[in-house]
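Following: one structure in structure tokens, then a few remarks.
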Amino acid sequence: MAVFGFRELFASMYIPGLSPVLSTITCLAGVLLFLAWQRHSRATSVPRLGPLLTIPLLGDVAWLAADPTRFVFGRFQRYGPTFILNLMGVPLYVLTQPADLRGPYRDQGAEPDVPFSSFRRLMEVAPGRPYDVQADKAAHGPWRRMFLSALGPAGLQALLPRAQAVMQAHLAQWEAAGTAAGGRSGGGCIPSLFRQVRLLSVDLAIEVIAEVPLPPGVERIAFREQLLCFLDGLFGLPLALPGSSVARALAAKEELVAALGPLVAADRQRMAKRWRAAGSSYAALVDTLTAASAAVGGSAAAEAAAGVQAAEPSAAAAARVTVRDAVISGFMALGFESERAAAVSVLHAVVAGADTTRFALFNTLALVAMSARVQEEIFAEQERVVAEHGPELSARVLGSAAITPYLDAVVREAMRLLPATPGNMRRLTADLRVGAGRGGPASELVIPKGSMVWRFVPLMHCLDPVLWDGDTSVDVPAHMDWRSNFEGAFRPERWLSEDTKPKYYYTFGSDNHLCVGQNLAYMEVKLLLAMLLRKYRLQLHTPDMLARASQMFPFVIPRRGTDRVLLEPR
């Protein structure tokens, strides 16, 4: 699976028989153009923000895919606190100074946007009809309240048993795979961590996050494969050529929407009735739904705090706000009320959940599997948890950093070192004045309205004032250099002290756009780690699997055959 479609691109760009003379002329013209630009730059006060030329269509993708942290830190070293990256032909202003980031990431003079045509085509409701509730300021607040209600303490308690059941089913398969491979008695094997985590994440997204249990009439394996195909297309080149990842994803989308439509038809009708009863006011609808959910969820939250893991009562189940409710109502708030829109809204929820979960799970498991020391610390803490609170992995146990401080620190440290997302982007709705150039804040630049700005998460974690000593002579700061300084870089203990706790942690966003699903993601990752490490030690078949990965951006893809994980019984 070639996420960026390099082979397709190079095949279309290759010109056989290019003469040496023409090659020489082209190179000389490029050199002359570069020298002229350098002379112009020296004659003006505008700071240089990036290289003059980039690869057509791809931009900086090839370098980001190889080592995003090293590459972007290098750009910071060369160009200063503001510089330009080019992703698939889209220029992005990378901002690093908190004062410059504050406005755009608080929706002051900017709005969320994803500027890539392949992503937009796949996520639109219908051709030419885009959807983004986060960019609609009137709808965003109520929409966010709906999600926070769905994924609050009561919601997480209701979702936890489902997540445990899904994970237990996958764990049973891994244990069986170990037996079939002739492993140690009582052990197991994850044949391909990348593949198995993707499948697990899809099942969690369907059955836990979106809560759409597939009926017998829907072929589960085919549905999952179509969803994986759709996910691959989101990161593909903006070329819907026959056989390309985007073309396959567009076809998969239609299959998925057709399958989901009948499954959510009753939900759409129920929400449409409530919408009309609220006078077609989204704020009033959200007030009604969240109030009812809070009334029945209060006792559930109290039970969770007391460690009671009771089955969800039917009254609470009927009144509880779900992620499905949140996305369907969000679409209605923007005028999308059809059955297709409801199906697409649930597909959005599945995609968002599967993407966040698969990256968080893979990155965390890969790092933990590389550290026997961290595994033993988690196991020792789990033994204390069992002794003091019993063996049940309840919402109270998983959700409390006071009960499992080290497990919580491990997940945060993994997400700091290998973030599940490189960060969301903003499109400026007004000019933005920022610090730029090697002169620091004294040098200023006005980024024009309509430009894209980006808080690149791995770079911000590099520049953490608590962890970084300001040394720009290194390729990668020590606290982010997992390749050559693994023990120093992956150190969960830093989160256990206020003196060493990182100040910059943007993996799940910030402010009004802090990911509403972050607590669910934490719960899922901690749940799987606890289930695995209580019984097994994790051992990578290829210890340097991450260093040998074929791609590190926008997410890690290991080389084929290197991501096998052995489950050694304790």
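The values are calculated or read from the model by the stated rules, or taken from the named source; none is laboratory data. Predicted, not measured: the structure shown is a model, and the values here were computed from it. Cβ sites come from the backbone with ideal geometry, for glycine too, and all protein chains shown count toward neighbours. Please note that ligands, DNA and RNA were not included when accessible areas were found on the heavy atoms of the full protein model with its side chains. Shrake-Rupley method; radii C 1.70, N 1.55, O 1.52, S 1.80 Å.
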Notebook entry, point to check: Counting residues that are over 24 Å from N519 (Cβ atoms), which helices (runs of 4 or more DSSP H) fully inside segment 371-461 reach at least 3?
Noted result: 372-389
Checklist line | All positions within segment 211-236 that are small (G, A, S), assigned to a loop (DSSP other than H, G, I, E, B) and open to solvent by less than 30 Å² (accessible area, probe 1.4 Å) | finding: G236
Check: If we keep just the residues of segment 115-124 that are hydrophobic (A, V, I, L, M, F, W, C) and closer than 14 Å to L231 by Cβ, which is surrounded by the fewest Cβ atoms within 10 Å (Cβ to Cβ)?
Finding: F119
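Might you let me know whether segment 97-104 holds any residue that is in a strand (DSSP E or B) and either closer than 23 Å to L237 by Cβ or over 21 Å from the mean Cα position of the chain (by Cα) (or both)?
Kept after step one, since they are in a strand (DSSP E or B), are these residues of segment 97-104: none.
Looking through segment 97-104, none of the residues is in a strand (DSSP E or B) and either closer than 23 Å to L237 by Cβ or over 21 Å from the mean Cα position of the chain (by Cα) (or both).
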Check: Residue check, Y522 against (1) of a type in the set (F, W, Y); (2) open to solvent by 20 Å² or more (accessible area, probe 1.4 Å); (3) not in a loop (DSSP other than H, G, I, E, B), all met but one. Which one?
Finding: (2)
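Identify all residues within segment 408-429 that are open to solvent by 40 Å² or more (accessible area, probe 1.4 Å) and over 28 Å from K526 (Cα atoms); write none if there are none. Let's see the steps before the verdict.
Taking segment 408-429 as the starting set, the residues that turn out to be open to solvent by 40 Å² or more (accessible area, probe 1.4 Å) are 412, 421, 424, 427, 429.
If the condition is that a residue be open to solvent by 40 Å² or more (accessible area, probe 1.4 Å) and over 28 Å from K526 (Cα atoms), then R427, T429 are the ones that fit.
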Next item on the list: Sort out which residues of segment 87-114 are open to solvent by 20 Å² or more (accessible area, probe 1.4 Å), in contact (Cβ under 8 Å) with a residue 12 or more places away in the chain and either over 25 Å from W63 (Cβ atoms) or not charged (D, E, K, R) (or both), and write them in order of number.
Entry: M88, G89, V90, P91, Y93, Q97, A99, R106, D107, G109, E111, V114
Item checked: Those residues of segment 376-400 which are within 24 Å of the chain's Cα centre (by Cα) and open to solvent by less than 50 Å² (accessible area, probe 1.4 Å), in sequence order -> A395, L398, S400
Next item on the list: Quick one: G128 ticks every box in (1) more than 30 Å from V397 (Cα to Cα); (2) buried (at least 20 other Cβ atoms within 10 Å of the Cβ) except a single one, so which number is it?
Entry: (2)
Checklist line | Candidate set from segment 131-160 (those that are part of a loop (DSSP other than H, G, I, E, B) and within 21 Å of the chain's Cα centre (by Cα)); member that is surrounded by the fewest Cβ atoms within 10 Å (Cβ to Cβ) | finding: D132
Next item on the list: Could you tell me whether segment 135-152 includes any residue that is at pLDDT 90 or above, among the aromatic types (F, W, Y) and out of contact with any strand residue (DSSP E or B) (no Cβ under 6 Å at 6 or more places or on another chain)?
Entry: yes
Margin query: Going through L445, L432 one at a time, which residue ends up being at pLDDT below 95, surrounded by 15 or more Cβ atoms within 10 Å (Cβ to Cβ), more than 20 Å from G509 (Cα to Cα) and more than 16 Å from the chain's Cα centre (by Cα)?
Written below: L445
